[in-house]
Amino acid sequence: MTTSQPATVIATTTEPVKVAIIGCGSRGTIYSRYALVSDKMQVVAIADPSKARAEKLQSAHNIPNEQCHSSWETLLEAPKIADAALICTIDSLHEELAVAFANKGYHILLEKPMATNLAGCQAVYSAVKRNGVMLAVCHVLRYTPYNRKIKQIIESGVLGSIVGIQHTEPVGHYHFAHSYVRGNWRNEAESSFSLMTKSCHDIDIIMYFLGNDCKRVSSFGGISHFKPEKKPLAAAGAMRCMDCAHEAQCPYSAKKIYLRPAELGHKKWPVDVITDVVDIESVAEALRSGPYGRCVYECDNDVCDNQVVNMEFDDCRYASFSMVAFTKEICVRKTRIFGTLGELIGDGDMSIEVYDFLSQKSTFHRPEPVSVHLGGHGGGDMGIIEAFVNAVATRDSTLLPSNALTSLDASVVVFAAEEARRRGVVVDLNEYRRQNDVEY
């Protein structure tokens, strides 16, 4: 992940948009960096139960002690201090916090997912609509230069009428083990299913390219590998990597993912997730006693590591999506778009090939380079916080490619696809909306 910060500052002559950051972990920290490279945004308050995480942001942004809260409740109870709230907490709190801060008049930047159940998504949508505030759910793929270029190519007409999309998310073998086997998103009861927590991005970008008129969905998936019956015989009896005779031969070893990078001086993701103090002793202790040191075959994970989704749109247009854990690349999505005049092949990074059927020639497009890196997602982190701040500053919600309506639509499709997987059926979206009282 790229985390370098440039020396230049993006200047503006207007008053900065004041934000309160709720959740000072990885995502909250990344979005807060915009205030360090642009005077369009000012962090004026933070809330996090972790003193160590809060102190890092307090120091970086010179926040007075009285605006550093150990709970979101005390921030909410205090007089409104900011224009917007950046909600970057665990998934299970998204609905409650988004509704509460919308009711107090804050514009909302909400880390995905919108909520962990469909009723929660509806509640968030209704709250921002009722209070007249803007909502940007962090479907950051819409904000990358790469995907914006693809959208421009589609709208130019060079592909003709779009008839289908194939889209793949290669999660990455150690990324999946970190986040979805050992980590915060491993267990549906504590978070949500993996199609929502990991790949709502991808369903959303497919709808960004094809439109919101998805009619039916089907899905297949399950846990292909990270379960006790797949545990190597040589690892029998070991519950933690620190005590396992098979550890050196295991690609998912916690020592390989965390301890060895720490020994080489690496202090960023994913090492900084498992301990507030990143040094060899603290990392080793976290692996001996914490959740990230567990054997990947002995965790309480219950979310899919391998899933496909099929989507039917109006006018005989179709999309297929695959999310798979077992890849070299980490989240470098691959996309093929099929049109009546040509085909688009995207490498997920810097190359977009458009093949013209008439001339039988290919044209290669490169997205605009990312000039300011805040975090990862191919510039999407920078793209969404910049668009959100500009939208709040100008009171112009059209500056947001992802808004309350598009996010609710994408969430409906994700929940319907998961129901299709669980029940082994094709789900009709209109009927699903009726059954679940979805209102726009």
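Here are a few things to note about the model shown:
- Since only PHE101, ASN117, ASN131 are under comparison, the one whose Cα sits farthest along the positive direction of the charge dipole of region 90-145, derived from C-beta charges on Lys, Arg, Asp and Glu, is ASN131.
- About its Cα centre, region 92-228 has a charge dipole of approximately 120 debye under the convention of +1 per Lys or Arg Cβ and -1 per Asp or Glu Cβ, with nothing else charged.
- With all pairs of different C-alpha atoms in the average, the Kirkwood value for the hydrodynamic radius of region 87-127 is 9.8 Å.
- Rg over Rh, two decimals, region 9-63 (C-alpha only, Kirkwood Rh): 0.98
- Distance between the modelled labels on ASP300 and GLU155, one decimal in nanometres: 4.7 nm (7 Å Cα→Cβ projection).
- Estimated distance in nm for a label pair at TYR318 and ALA245, the labels positioned 7 Å out from Cα along Cα-to-Cβ: 5.1
- Across region 307-323, rounded Karplus estimates of 3J(HN,Hα) from the backbone phi angles (6.51 cos²θ - 1.76 cosθ + 1.60, θ = phi - 60°) give 8, 10, 10, 10, 10, 10, 10, 4, 6, 6, 10, 9, 9, 10, 10, 10, 10 Hz, Gly and Pro being marked x.
- Per-selection Rg to Rh, the chain - Cα, Kirkwood hydrodynamic radius: 0.96
- Protein accessible area in the chain, 1.4 Å probe - carbon and sulfur %: 51
- When the C-alpha to C-alpha distance is required to be over 31 Å, the pairs from LYS151/LYS230; LYS40/LYS267; LYS230/LYS255; LYS80/LYS149; LYS149/LYS256; LYS230/LYS328 that qualify are LYS151/LYS230; LYS80/LYS149; LYS149/LYS256.
- Range of Cα positions in region 57-108 per principal axis (Å), largest first: 29, 23, 17
- Hydrophobic long helices, here whole DSSP H runs in the chain with Kyte-Doolittle means of at least -1.0 and Cα atoms spread over 18 Å or more along the helix axis, are found at 118-131, 380-394, 404-423.
- For region 210-250, alpha-carbon Rg over 2.2 N^0.38 Å: 2.11
- Annotation: amide H of GLN42 within the under-5 Å range of VAL17, LYS18, VAL19, sequence separation 5 or more or interchain, hydrogens built in the peptide plane.
- Loop sites here are trypsin sites (Lys or Arg not before Pro) outside DSSP states H, G, I, E and B with no more than 16 other Cβ atoms within 10 Å. The longest part of the chain free of them is 105-266.
- Fluctuation leader among TRP269, TRP72, TRP185 - the chain, Gaussian network, Cα springs under 10 angstrom: TRP269
- Inverse of mean 1/r across different Cα pairs in region 73-220, Kirkwood, Å: 17.3
- Principal axis extents of the Cα atoms in region 332-440, from largest to smallest and rounded to whole angstrom, are 47, 43, 24.
- Taking the chain and dividing mean pair separation by its residue count, relative contact order in percent (alpha carbons under 8 Å, at least six apart): 22
- Loop-located GluC sites (Glu not before Pro) in region 175-271 whose Cβ has at most 14 other Cβ within 10 Å (DSSP): GLU190
- The alpha carbon centroids of region 161-198 and region 250-320 are separated by 11 Å.
- Antiparallel beta bridges, as assigned by DSSP with both residues in the chain, represent about 60 percent of the total such bridges.
- Looking at the chain, the accessible area is 42 square angstrom per residue; that uses a 1.4 Å probe and ignores ligands, DNA and RNA.
- Stretched out straight at 0.36 nm per residue, the stretch from SER397 to THR340 would grow longer than its current Cα-Cα span by 17.2 nm.
- Overall Cα dimensions of region 206-341 - principal axes, largest extent first, Å: 59, 34, 22
The values are calculated or read from the model by the stated rules, or taken from the named source; none is laboratory data. Just so it is clear, the structure is predicted and the values come from calculations on it, not from any experiment. So basically every Cβ, Gly included, is an ideal-geometry build from the backbone, and we count neighbours across all protein chains shown. Calculation scope for accessible area: heavy atoms of the full protein, side chains included, ligands and nucleic acids excluded. Shrake-Rupley method; radii C 1.70, N 1.55, O 1.52, S 1.80 Å.
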